[in-house]
Amino acid sequence: MKEPAITDAIIAKHGITPEEYARIRGILGRDPNFTELGIFSVMWSEHCSYKNSRPELKKFPVTGERILVKAGEENAGVLDVGDGWAVAFKIESHNHPSAIEPFQGAATGVGGIIRDIFTMGARPVFLLDSLRFGPINQNVPGSAANRHLLSGVVSGIAHYGNCIGLPTVGGETWFDETYAGNPLVNVFCLGVLRHEQIARGAAKGVGNPVFYVGAETGRDGLAGAAFASRELTEESKEDRPAVQVGDPFREKLLLEACLELLASGCVAGIQDMGAAGLTCSTCETASRGGSGIDVDLDLVPKREDGMTPYEILLSESQERMLVIVNKGQEDSVREIFEKWDLPYAQIGRVTDDGIMRIRAGGQVVAEIPASSLTDQAPVYHREAAPWVPPAPLDPASVPAIDNTDALLRLLSHPTLARKRWIWEQYDHMVRNGAVVGPGSDAAVFLARECGKLLAASVDGNGLITRLDPREGGRRCVAEAARNLACSGAVPLGATDNLNFGNPHKPEIFRQLRDSVEGMAEACRAFDTPVTGGNVSLYNENPTGPIDPTPVVAMVGLIEDEAHITRQSFRGPGDDVWLLGERTAGLDGSQFLLILHGRKEGRPPQTDLAAEVALQSALRDAIRAGLIRSAHDCAEGGIAVALAESAISGPELVGAEVDLPDDGRRDDESLFHEAPGRILVSSGRNQSAALEKHFADRGIPARRVGTTGGSHLVIRVRKADYRWPLGRLHSAWDKSLGDLMDTVAEPLAAH
Amino acid sequence: MKVAVLRFPGSNCDQDCLRTLRDSFGEKAEPVWHKDTSVTGFDAIIVPGGFSYGDYLRCGAIARYSPVMRAVADEAARGTPVLGICNGFQILCEAGLLPGALVRNRGLHFICRQTHLRLENNTSPFTRAGSIGQILRVPIAHGEGCYFADEETLRALEDRNRIAFRYCDADGAVTAAANPNGSLGNIAGILNEAGNVLGMMPHPERACEERLGSADGRLVFESLLGTALAATL
């Protein structure tokens, strides 16, 4: 077969700069051929090499007592959870594919992150998702396209997760015009394993056979990694072949077969074929193993005839794995693949020369030092624009509105409304572990394999990050930790997903740098090392970059089932307390955005030391049995937090609350979003103990009211706001479903 | 009691069923691979939920051809209790062990939520521990759970007391609003003519512990246990 000659145009089309090309020539000592150029272009894409973000990622704390596999070492980090058990977890984005083809884009995102987890030898047990879409309210221009994206993404996640039998037990979804046309789809997966079951993605043992198993390779998803490393344009739709098609049934078979295989002791190394497919898995395993690898593409199971080496190597067909088998145990491996009816082939062997050598048609078609692809990718220190802090909001510029109506409007806004329309489409109950399912501060999951109660929360706030990237970074970590604390858990570690625009723009790079620094600072404060994550850059649509949206998923452990705490009030007659006394203006609040259409102000800053003390004191109070419910005050301020505590439980429970006079306007007192505040309820006979508990620890705690009645009543200074619980519930519970299901619009064919 | 839990490629509630039987009831339960040609020596057989063969064709349409299903039919004919849950119900319908079909939910979405069920039959091996009209809280999780059958079949189910459960509201009223998927007659579970095969869309194995939201599903397993016990006396 004849390959195209290498021209400047072809080099540029591969996203390779002249400097990078010179570097490739230096490594090879010659010009690359077309196939080799393709290999370099995907391996040196941002998606695979983190060339623009790597210096920033190094700022994250990655070590800790519980770390068994560190960030960057393998497909996912692994943390000790005690008694010889461990958890492997990671979050990953599939933003660009989902923008083009929401159903398959989201579905294959789920498939990819699940493979990352079982590649580690872990049994995946649950998922979380963090989603962002443009406005879906009917009066907004373009909202039909956003509804189409939401609908497609949710059904894509449901399709894959439900079929494979993994519950999606929590998540978050926000709606804002910044994400129109560039939705964010970040999916988290967690698996459990014994310490001794940790599998490595290294090609070890010279002469060991290399097996390919899973779906046949086709032309789908050609060079998706390179595609994901570009901005979305009007023409991106033509990239549709770069979006893969998912087959969750095949993945379920692959999952079961791989876990059986790993348990058999036949495996020397294992690696999934995700981004950059066969290329990435072969050179990464060789590079990690300090070995070489020799693969014959003629032996690769293929879906169609006439595929070129370039296409086979760059295909991102889903549900495929590369397995390095201990020599002599090939038959046991074949038996397992045959039991599960999976296509497989022995396609090569491990060598000792450090070279990734690819053959086809009896010829060597590519010959590249494996480590040059993984370790010698260029690293860019991008230019950052100087930061000009935003001006604080002038309260006088915010016209007073009807605050009673405002709470109802906030609760019915898709960002704050109940996400039942989404999570009822996910099988969140399979595996019988969702002790606290979707809709509370953190999900609590009983991993039956090890009997551990795990808590997990995923958080990000693009608006705050836009206004103040460093604070946005701190805020999402502090909020995730706070959500875990509210559920009674001790945080163990975190995984991050950095969703940003084009880092070549100094303004964007500054956002990336500052928010990573904020996240890193907070992770150190909470002693939650980052175990790995994902970077998604070039999130731009024709109108500009998205608001920078770092997202963090944090995992915690609940020591005793009795410590599990929910956000909803438990019944009448309890005291309501506010922990952490802070006040602020409406800067960066959802109130200001949703009701006044303004993204403005200087967001109130997270005080990390105070946060750590607050959360630790709350956990102690939970352990002491003083807490009946706990809820983080976040988006929508204390008014929304009170409403959610009143209406999110199995029974509606009213409350009467007097907010302290903080010398501000009523709308500020009700809706400001100063971090570091937690709303708890406690049995009346425990008031004295609770007061002393927090006083002893120097944590401001104020009794603000009592639960009971058919209304939520909030008194601020002279005003007396009251809402019938039924109205709050209906505004919060029904709005998303009403928006999505009552609009008749054709869905794109899947 | 010793229970067989079938395992098809794509089954994903098999582990939940095994664990529930072992951990919540202390019974013996064993997985049986779909390629096996016999399923003898068990007191009951469970066809669990999941997406057998991905459900890319009609749900259960391929699984019914697995070798083990012939053995299941033989055992059913011999009177062994067979319980199909969710995808298992779909498979039993495709295999002809139960009448009717499960079609796409009325609202077209997959739905996972708690539902209320009204117990309509308390003579079967799966429901004998209950009383007629008893209300159970048991979750559903399916995209194709809308029960459909022709009028004649429906009449036969009604007349011969073969409807085991109907969706109802918290007070036991069988209403359209309480019907999550559009099933005819709010049907959530049906029995075969002999009464020893039950298919139900709700998942009783997910409702055996209060901490998961409900323990009402225990009734199904307790009934089975009572049946097995009675058989050995």
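Some points to look at:
A quick yes/no check of all residues on (1) within 14 Å of chain B (Cβ to nearest Cβ); (2) within 24 Å of A:Trp423 (Cα to Cα); (3) part of a helix (DSSP H, G or I); (4) modelled with pLDDT of 85 or more:
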site	(1), (2), (3), (4)
A:Val187	no, yes, no, yes
A:Val192	yes, yes, no, yes
A:Val210	no, no, no, yes
A:Glu235	no, no, yes, no
A:Arg240	no, no, yes, no
A:Glu251	yes, yes, yes, yes
A:Leu254	yes, no, yes, yes
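- The number of residues in region A:335-360 that are acidic (Asp, Glu) and in contact (Cβ under 8 Å) with a residue 60 or more places away in the chain comes to 3.
Let's see how each residue does on (1) touching a Gly at 6+ places or on another chain (Cβ under 8 Å); (2) of a type outside the set (Phe, Trp, Tyr); (3) farther than 20 Å from A:Arg250 by Cβ:
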residue: A:Ser151; (1), (2), (3): no, yes, yes
residue: A:Tyr160; (1), (2), (3): yes, no, no
residue: A:Gly171; (1), (2), (3): no, yes, yes
residue: A:Pro183; (1), (2), (3): yes, yes, yes
residue: A:Gly191; (1), (2), (3): no, yes, no
residue: A:Gly207; (1), (2), (3): no, yes, yes
residue: A:Val210; (1), (2), (3): yes, yes, yes
residue: A:Glu216; (1), (2), (3): no, yes, no
residue: A:Asp220; (1), (2), (3): no, yes, no
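- Residues being out of contact with any helix residue (DSSP H, G or I) (no Cβ under 9 Å at 6 or more places or on another chain) and either of a type outside the set (Lys, Arg) or surrounded by 17 or more Cβ atoms within 10 Å (Cβ to Cβ) (or both) - total across region A:24-50: 3
- Within the option set A:Asn146, A:Asn162, being polar (S, T, N, Q), within 29 Å of A:Gln567 (Cβ to Cβ) and within 14 Å of another protein chain (Cβ to nearest Cβ) holds for one residue only, A:Asn162.
- Sole residue being buried (at least 23 other Cβ atoms within 10 Å of the Cβ) and hydrophobic (A, V, I, L, M, F, W, C), chosen from A:Leu592, A:Leu626: A:Leu592
- Against the test of being part of a strand (DSSP E or B) and crowded, with 24+ Cβ neighbours inside 10 Å, the options A:Asn483, A:Asn497 yield a single qualifying residue, A:Asn497.
- Selection within region A:276-292 - surrounded by fewer than 24 Cβ atoms within 10 Å (Cβ to Cβ) and either under 21 Å from the mean Cα position of the chain (by Cα) or on the phi > 0 side of the Ramachandran plot (or both): A:Gly290
- B:Gly213 vs. criteria within 14 Å of chain A (Cβ to nearest Cβ), modelled with pLDDT under 95 and either within 30 Å of B:Arg22 (Cα to Cα) or touching a strand residue (DSSP E or B) at 6+ places or on another chain (Cβ under 9 Å) (or both): yes
- Residue check: A:Val435 meets all listed conditions (1) under 27 Å from A:His631 (Cα atoms); (2) touching a strand residue (DSSP E or B) at 6+ places or on another chain (Cβ under 8 Å); (3) crowded, with 24+ Cβ neighbours inside 10 Å; (4) not charged (D, E, K, R) but one, namely (3).
- When the test is whether a residue is closer than 21 Å to A:Gly649 by Cα, more than 14 Å from chain B (Cβ to nearest Cβ) and among the aliphatic types (A, V, I, L, M), A:Ala485 passes it.
- The single residue among A:Ile157, A:Ile117, A:Ile113 that is within 14 Å of chain B (Cβ to nearest Cβ), closer than 21 Å to A:Ala215 by Cα and among the β-branched types (Val, Ile, Thr) turns out to be A:Ile157.
Here's the yes/no breakdown for (1) over 24 Å from B:Phe8 (Cβ atoms); (2) within 14 Å of chain B (Cβ to nearest Cβ); (3) at pLDDT below 95; (4) in contact with a strand residue (DSSP E or B) (Cβ under 9 Å, 6 or more places away or on another chain):
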site	(1), (2), (3), (4)
A:Leu184	yes, no, no, yes
A:Gly201	yes, no, yes, yes
A:Gly218	yes, no, yes, yes
A:Ala263	no, no, yes, no
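- In region B:120-140, residue farthest from the other protein chains (Cβ to nearest Cβ) [restricted to those that are surrounded by fewer than 24 Cβ atoms within 10 Å (Cβ to Cβ) and of a type in the set (A, V, I, L, M, F, W, C)]: B:Ile132
So that you can scan it fast, the table gives a plain yes or no per residue for (1) modelled with pLDDT of 95 or more; (2) outside any helix (DSSP H, G or I); (3) buried (at least 24 other Cβ atoms within 10 Å of the Cβ):
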site: A:Glu517; (1), (2), (3): yes, no, no
site: A:Arg524; (1), (2), (3): yes, no, no
site: A:Gly533; (1), (2), (3): no, yes, yes
site: A:Pro550; (1), (2), (3): yes, yes, yes
site: A:Met554; (1), (2), (3): yes, yes, yes
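- Qualifying residue in region A:119-132 (condition: in a helix (DSSP H, G or I) and either within 24 Å of A:Ser412 (Cα to Cα) or modelled with pLDDT of 95 or more (or both)): no
- Residue check, A:Leu149 aliphatic (A, V, I, L, M), at pLDDT 95 or above and outside any strand (DSSP E or B): yes
- Criterion (away from every other protein chain (no Cβ under 14 Å), out of contact with any helix residue (DSSP H, G or I) (no Cβ under 7 Å at 6 or more places or on another chain), buried (at least 22 other Cβ atoms within 10 Å of the Cβ) and not β-branched (Val, Ile, Thr)) met by exactly one of A:Leu454, A:Leu410, A:Leu416: A:Leu454
- When each of B:Gly185, B:Gly172, B:Gly143 is tested for being within 14 Å of chain A (Cβ to nearest Cβ), surrounded by 15 or more Cβ atoms within 10 Å (Cβ to Cβ) and under 30 Å from A:Trp421 (Cβ atoms), the lone residue that passes is B:Gly143.
- Only one of B:Leu224, B:Leu229 that is more than 16 Å from the chain's Cα centre (by Cα), of a type outside the set (Lys, Arg) and assigned to a helix (DSSP H, G or I): B:Leu229
- Residues that are surrounded by fewer than 20 Cβ atoms within 10 Å (Cβ to Cβ) number at least 2 in the following strands (runs of 3 or more DSSP E) confined to region A:634-730: A:655-659, A:701-707, A:711-716, A:719-724.
The values are calculated or read from the model by the stated rules, or taken from the named source; none is laboratory data. Here the structure is a predicted model, which means the values were calculated and not measured. Cβ atoms come from the backbone with ideal geometry, glycine included; neighbour counts cover every protein chain shown.
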